[in-house]
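Colleague: To start, I am sharing the structure in question, which I have written as structure tokens.
The values are calculated or read from the model by the stated rules, or taken from the named source; none is laboratory data. Keep in mind that what you see is a predicted model, and the values were worked out from it rather than measured. Cβ sites come from the backbone with ideal geometry, for glycine too, and all protein chains shown count toward neighbours. Surface areas here come from the heavy atoms of the whole protein model, side chains and all, with no ligands, DNA or RNA. Shrake-Rupley method; radii C 1.70, N 1.55, O 1.52, S 1.80 Å.
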Amino acid sequence: MSKTISINAGSSSLKWQLYEMPAEKVIAKGLIERIGLKDSISTVKFDGRAEKQILDIDDHTQAVKILLDDLMRFDIIRSYDEITGVGHRVVAGGEYFKESALVDSEEVIQKVEELALLAPLHNKANAAGIRAFKELLPDITSVVVFDTSFHTTMPEKAYRYPLPTKYYTENKVRKYGAHGTSHQYVAKEAAKVLGKPLEELKLITCHIGNGASITAVKEGKSVDTSMGFTPLGGVMMGSRTGDIDPAIIPYLIEHTEDFNTPEDINRILNRESGLLGVSEKSSDMRDIHAAMRAGDAKAQLANDIFVDRIQKYIGQYLAVLNGADAIIFTAGIGENSVTIRRLVIEGISWFGCELDPEKNVFGNYGDISMPDSKVRVLVIPTDEELVIARDVERFKNQK
Ligand code: ADP
């Protein structure tokens, strides 16, 4: 047995999960926060324990050092040799990375860095994480897994925007999508639940968390997805707008003091909008629903817009796929919010979807629809870390 670690590096954080492979058993997981700031926090969870440490961590290399030290200190591993693989989640793979790749040369890391053009904060942090592991554990199998790869099968009519062509050819502006590992994972699981080959299915996968995206999956391939050039597009999210009329932006630049620089605009659209912007309360669905129950009209409206946008995207994808075998809910809200699932499906019963109210409340894996529902409705918990660990395993076996 060997151990594989899956890494999700953000600009000031590093989330990790250690697996015993091929058993796919999670041995430990943790989060390092506030990298590059004072009082960074490292949390390690294992054996029902949670150990927290506060110290100054300057950069991602030091964060990886702390993480490896912690694994030894808590006896989770006895030597570094036990770790034979690392998988890095990378946000933007552009048109270049159509699937996961082995980090077997400097060029691969450079390519990830180049693609920072498409996801400035994310890809730079991802590359820092890759370099940190290369420095400290140079000989282990290192793999990059992209959020966008699953969507590289979209047809051009879906990924192109009706802008002048030069912005695609010269500036690479097109739809890339995101959450690819999650959509791919739940689509595969759905085939198991439905007892049919994935190649025969039409699925609508709804990854509804703080970030949210919906994908049309035909014969196991993504044919359209709601996030766009960046994760800002598509359905309404915790603090992101999702789709809005683009003319709003020049209008607000002209008529307000808030929309000045690209940074301002990105901040408002990505961090101050969505559930948070409409409710003026919270980006978290649990808070929205608590406020709604207390009679808060803004929270109610935030909930209503949220449900409306999901229904509209499901409607679009029923058209894109010309029907569907199943709608799948996953991620924080999709897996846990009985209310959101009920409201979404209630409003689209014309298409032949009917929830089993009891299964909707108690089901946390599998089919939650009525026996005669034409389109099945499934809940499938996502597991992006496991997809990453499996990809590493695949490359280890090819070596
Ligand atoms: P991220 O995109 O940050 O990974 P998650 O997938 O963890 O987000 O989803 C976070 C969202 O899930 C939050 O809005 C949270 O309120 C929501 N959520 C988690 N548990 C529940 C629950 N029991 N009921 C309703 N919403 C929930």
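Colleague: Going 7 Å from the Cα of residue 11 along its beta-carbon direction, which residues of the stretch 40-83 have the amide nitrogen within less than 16 Å of the resulting point?
Modeller: 59-60
Colleague: Which of the trypsin sites (Lys or Arg not before Pro) across the stretch 24-77 are loop residues per DSSP, with 12 or fewer other Cβ within 10 Å?
Modeller: Loop-located and lightly packed - 38.
Colleague: Oh, and also: If you put +1 on each Lys and Arg Cβ and -1 on each Asp and Glu Cβ, how big is the dipole of the chain around its Cα centre, in Debye rounded to 20?
Modeller: 560
Colleague: Note down, for the stretch 2-146, the three equivalent ellipsoid semi-axes (square root of 5 times each alpha carbon gyration tensor eigenvalue), biggest first, whole angstrom.
Modeller: They are 24, 18, 12 Å, listed largest first.
Colleague: Please calculate the 1.4 Å probe accessible area of residue 21, with all protein chains present, and give it to the nearest 10 Å².
Modeller: 0
Colleague: For the stretch 132-169 and the stretch 268-316, what is the centre-to-centre distance using only Cα atoms, to the nearest Å?
Modeller: Cα centroid to Cα centroid, the span is 30 Å.
Colleague: At a Förster radius of 56 Å, what calculated FRET efficiency corresponds to the Cβ-Cβ distance of residue 244 and residue 74, to the nearest 0.05?
Modeller: 0.75
Colleague: Follow-up question, since we're still on this one. Among bridges DSSP assigns within the chain, what percent are antiparallel (round to 5)?
Modeller: Roughly 70 percent of the DSSP beta bridges within the chain come out antiparallel.
Colleague: Something else about it: What nm distance separates the two modelled labels at residue 320 and residue 43, each placed 7 Å from Cα along Cα→Cβ?
Modeller: Going by the 7 Å Cα→Cβ label model, 3.4 nm.
Colleague: Are there trypsin sites (Lys or Arg not before Pro) in the stretch 226-315 that DSSP puts in a loop and that have at most 12 other Cβ atoms within 10 Å, and which ones?
Modeller: Sites meeting the loop and neighbour criteria: none at all.
Colleague: Turning to a different aspect of this structure: Across bins of 10 angstrom width beginning at 0, how are the C-alpha pair distances of the chain distributed, in whole percent?
Modeller: Distribution as computed: 5, 21, 30, 28, 14, 2, 0 percent.
Colleague: Now, a different point. According to a simple spin-label model (label point 7 Å from Cα along Cα-to-Cβ), what is the distance in nm between residue 25 and residue 59?
Modeller: Label-label distance for residue 59 and residue 25, simple model: 3.8 nm.
Colleague: Percent antiparallel among DSSP beta bridges with both residues in the stretch 85-179, to the nearest 5?
Modeller: Approximately 25 percent, going by the DSSP bridge assignments.
Colleague: Only sites in a loop by DSSP and with at most 16 other Cβ atoms within 10 Å count here; which GluC sites (Glu not before Pro) in the stretch 144-239 make the cut?
Modeller: Passing sites in the stretch 144-239 are 170, 219.
Colleague: A follow-up question, please. Rg(Cα) of the stretch 356-399 divided by 2.2 N^0.38 Å?
Modeller: Dividing the Cα Rg of the stretch 356-399 by 2.2 N^0.38 Å gives 1.78.
Colleague: Viscosity 1.306 mPa s, temperature 10 °C: Stokes-Einstein D of the stretch 255-324 from its Kirkwood Cα radius, in µm² per second?
Modeller: After rounding, the answer is 114 µm²/s.
Colleague: Sticking with this one: Treat each spin label as a single point 7 Å out from the Cα along the C-beta direction, and report the residue 135 to residue 110 distance in nm.
Modeller: Label at residue 135, label at residue 110, 2.0 nm between them.
Colleague: Sticking with this structure for a sec: Zone of residue 219 (label point 7 Å along Cα→Cβ, backbone N under 19 Å): which residues in the stretch 151-181?
Modeller: It comes to 151-159, nothing else.
Colleague: A further question follows. Tell me which of 253, 306, 230 sits at the most positive position along the dipole axis of the stretch 196-384, charges placed on C-beta atoms (Lys, Arg +1; Asp, Glu -1).
Modeller: Farthest towards the positive pole: 306.
Colleague: For residue 308 and residue 354, what is the calculated FRET efficiency with R₀ set at 25 Å and r taken between the beta-carbons, to the nearest 0.05?
Modeller: Using R0 = 25 Å, I get an efficiency of 0.80.
Colleague: Considering only DSSP beta bridges with both partners in the stretch 2-146, what is the antiparallel share in %, to the nearest 5?
Modeller: 75
Colleague: Using just the Cα positions, wrap the stretch 196-384 in a convex hull and report its mean projected area in square nanometres, one decimal place.
Modeller: For the stretch 196-384, averaging the hull's shadow over all directions gives 11.7 nm².
Colleague: So, one more: Just 333, 348, 130 to compare: in a GNM of the chain, with alpha carbon springs under 10 Å, which one fluctuates most?
Modeller: 348
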